[in-house]
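Values in this text are rule-based calculations from the coordinates and carry no lab data. These numbers come from a predicted model, not from an experiment. Ideal geometry is used to build each Cβ from the backbone, glycine not excepted, and the neighbour counts take in all protein chains shown.
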Amino acid sequence: MSSLPLNLLSGRLKLRHLVLVTSIAEQGSVLRAAEHLHLAQPAVTRGLRELEDILGVELFVRGPRGVTPTLFGEAFIEHARAVQAELRRAGERIAGLVDGAAGIVTIGTLLAATNVLLPRSIAALKADRPGITVVVREGTFDSLVPQLVGGDIDLILGRLNPIDDRSGLRQVPLYNEPVLLVARSGHPAGRARVLSDLLDYPWILPLEQTSLRQELEQVFHHEGLSLPRDRTECTSILTIRALLVETDMIAALPALFVRNDDRIVELPVPLPSVRRSVGVTLPGARALTPSGKAMLSYLQRQADRLHA
C-alpha cells in the first residue's frame with residue numbers, strides 16, 4: 001500500500017529551502033552554492049538537512065567532486081524551480097499592475113464616442129503598454145452609470161450629461177464639437193436650407209433617454225415642428241452608418257463622424273444650439289486603477305490632438 005502524500009503546506013517548508021536546493025543543484029556543490037548565495041557553508045548544509053528531514057528522503061549523493069541529485073532530488077528540484085518561476089511571474093505581474101504596464105480597464109462608451117477618439121486612444125495605449133487589456137461596453141448614459149458606480153466599468157466616455165452634486169460622480173471634459181445633420185453623399189436633401197425641408201425624409205434619432213434626443217426635440221419645438229413621423233431610434237454607430245449609406249435617412253451626429261467618412265456629408269441645415277461636450281465620467285469616491293489612469297491620460301492626449 002502506498003504511503004500518504006507529504007503535507008508540504010504545514011509551515012515547515014520555507015521558500016529558502018527551495019532556493020537552497022536549486023542553487024546546490026545548479027552549482028554542483030554545497031560550498032559553491034554557499035558562495036553563490038553569500039551564506040556560510042554550515043548554514044547551507046543545515047538548510048539542506050532540514051529539507052531532507054521534512055521530505056524524509058535524501059536529495060543529493062555526496063561525492064569527492066561535489067553532489068549529484070538522487071531520483072527524489074531530481075523530482076523535487078523540478079517542482080522547486082517551477083514554484084520559484086511562478087513567484088517571479090507574480091512579482092512581475094504585481095509590478096506591472098502598480099506602474100500601469102498591465103491590468104484591465106473597462107470603458108463604457110456612448111453614441112459616437114467610439115468613432116475617432118476611442119480607437120486612436122486605444123491604439124496609442126496598446127502600442128506603449130501591450131500588457132493592458134481594454135474592454136469596451138456600449139450603452140446609454142443611464143444604463144452605464146450603475147455599472148460605473150458598482151465598479152463593473154472604470155469610466156464612461158462620451159457626451160457629458162448633467163450630473164447631480166449628490167450623484168457621487170465627477171467629470172473630466174476633453175473637447176467640444178458641433179452636432180451636424182448628415183446624410184449619404186448625393187442625398188436629394190443636399191439643397192435644403194431649413195429644418196422643415198427635411199421632414200419628408202426618414203430620420204434616425206437617438207433613444208429618448210439620451211441628452212442629444214432631448215436637445216433635438218427642443219430644436220424641433222423651437223421651429224414649431226413635430227418630430228419626424230418616419231423615424232428609427234438607434235445608438236449603434238455601425239447600424240446608423242449602414243442605414244445612412246444605404247438609404248435616404250437623415251441623422252444628427254458629431255462633426256468628427258462626418259469628417260472621417262467620405263460617404264457621409266453634412267446637410268446645409270445648421271443646428272447651432274446643439275453642441276457636444278465630450279469627456280469622461282468617473283466615480284467620485286473610487287480612485288482609478290493604474291491601468292485606468294493610463295487610459296485616461298491617453299484619452300486626454302488624443303483629445304488635445306483632435307482639438308488642435
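For segment 154-230, state which trypsin sites (Lys or Arg not before Pro) are in a DSSP loop and have at most 13 other beta carbons lying within 10 Å of their beta carbon.
Taking segment 154-230 and a limit of 13 other Cβ atoms within 10 Å, the loop trypsin sites (Lys or Arg not before Pro) found are R166, R193, R229.
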(message) Among G73, T106, F60, which residue has its Cα furthest toward the positive end of the charge dipole of segment 59-114, with +1 on Lys/Arg Cβ and -1 on Asp/Glu Cβ?
(response) F60
(message) Over the chain, with a Gaussian network built from C-alpha contacts below 10 Å, which listed residue (R88, R12, R263) shows the highest mean-square fluctuation?
(response) R12
(request) Using every pair of alpha-carbon atoms in the chain, split the distances into 20 Å bins beginning at 0 and state the percent of pairs per bin, rounded to integers. (result) 26, 32, 19, 17, 6, 0
(request) Can you check how the C-alpha radius of gyration of segment 15-98 compares to 2.2 N^0.38 Å, as a plain ratio? (result) 1.17
(request) Per DSSP H run of at least 4 residues, take -39500 (n - 2.57); add these up for the chain, divide by its residues and hand me the 222 nm value, nearest 500 deg cm²/dmol. (result) -13500 deg cm²/dmol
(request) Give, rounded to the nearest 20 debye, the magnitude of the charge dipole that segment 102-307 has about its Cα centre when Lys and Arg contribute +1 at Cβ and Asp and Glu contribute -1 at Cβ. (result) 700
(message) Can you give me the angle between helix 141-150 and the longest principal axis of the chain, using Cα atoms only, in degrees from 0 to 90, rounded to the nearest 10?
(response) 20
(message) How large is the Rg to Rh ratio of segment 154-308 when both quantities use alpha carbon positions and Rh follows Kirkwood?
(response) 1.01
(message) Once each part is reduced to its C-alpha centroid, what is the distance from segment 89-155 to segment 178-217 in angstrom?
(response) 32
(message) Pick from N115, N260, N176 the residue whose mean-square fluctuation is largest in a GNM of the chain, springs joining Cα atoms under 10 Å.
(response) N260
